[in-house]
1. Need one number for segment A:40-87: average projected area of the convex hull over its C-alpha atoms, nm².
2. Calculate log10 I(q)/I(0) of segment A:50-117 for q = 0.12, 0.15, 0.20 Å⁻¹, where I(q) comes from the Debye formula with a single equal point scatterer on each Cα and nothing for solvent.
3. Test of the criteria: in segment B:1-80, which trypsin sites (Lys or Arg not before Pro) are in a DSSP loop and have at most 12 other Cβ atoms within 10 angstrom of their Cβ?
4. By what distance, in whole Å, do the Cα atoms of chain A stretch along each of the three principal axes, largest value first?
5. To the nearest 20 debye, what charge dipole does chain A have about its Cα centre, counting +1 at the Cβ of each Lys and Arg and -1 at the Cβ of each Asp and Glu?
6. Gain in length, residue A:20 to residue A:39, computed as 0.36 nm per residue apart minus the alpha-carbon separation, to one decimal in nm?
7. Using every alpha carbon pair in segment B:56-104, what percent of pairs falls into each 10 Å bin from 0 up to the bin containing the largest distance?
8. When the Kirkwood hydrodynamic radius is evaluated over all pairs of different C-alpha atoms of the protein assembly as shown, what value in angstrom, to one decimal, is obtained?
Amino acid sequence: GAVVSQHPSWVICKSGTSVKIECRSLDFQATTMFWYRQFPKQSLMLMATSNEGSKATYEQGVEKDKFLINHASLTLSTLTVTSAHPEDSSFYICSARGERGSSYEQYFGPGTRLTVT
Amino acid sequence: GQNIDQPTEMTATEGAIVQINCTYQTSGFNGLFWYQQHAGEAPTFLSYNVLDGLEEKGRFSSFLSRSKGYSYLLLKELQMKDSASYLCAAVPSGGSYIPTFGRGTSLIVHP
């Protein structure tokens, strides 16, 4: 099946610093990538949708200046959490959709666990 | 908007059969996903139902009734490794194909 990687798999940072998370589609071109956040025992909450070469579309309530998303190529999207605070601690998961498979199926990355101290 | 409802937690015995229900209310509907998510890991695809009826894939089957806004995931011959969270997600019509996820059902399989 299609493979999506994320890096890092976990990160601990100090409050006020910025953290960048990478999401890569390894064996297909991802025309669309999605960023989700998941708190313990909660559902996946869509943060934003990004299409290659265009600005990301953020869901209501998600601060675009705090969560910077860049989708510079068909295989790479990045999420930067700027000026992180403890409440940003969460499990961040990306997914990719592209030419592989059907138009509806998303392939998820393994997730990045962010802890802000 | 969309509303997805599924039980929070279920328990079952190894070797048994369990059915996880999901109801949805959407302004437009294309299909419904089921994903499996082990703790600390990303979701993995199980099924996508568009038409009414039951689709079987080995030990897992998924059912959809569009008129009732209802789906279920059926797991047979349960194994300990099936202990996980099971997420249903409804996909709206209109072309965006961005699913809305339910909270997930935590399934605990015990010996």
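1. Numbers: hull surface 16.5 nm².
The Cα convex hull of segment A:40-87, projected and averaged over all directions, gives 4.1 nm².
2. -0.36, -0.57, -0.96
3. Working: sites: B:57, B:59, B:66, B:68, B:76; in loops: B:59, B:66, B:68, B:76.
Sites meeting the loop and neighbour criteria: B:68.
4. 40, 26, 22
5. With only Lys, Arg, Asp and Glu charged at Cβ, the dipole is about 200 debye.
6. Working: separation 19, 0.36 × 19 = 6.84 nm, distance 1.88 nm.
Once the chain is fully extended between residue A:20 and residue A:39, it gains 5.0 nm.
7. Distribution as computed: 20, 46, 28, 6 percent.
8. Working: mean 1/r = 0.0550 Å⁻¹.
After inverting the mean inverse Cα-Cα distance, the result is 18.2 Å.
Every number in this text was worked out from the coordinates using simple rules, so none of it is lab data. The structure displayed is predicted, hence computed values, not measured ones. Using ideal geometry, Cβ is built from the backbone for each residue, glycine included, and neighbour counts are taken over all protein chains shown.
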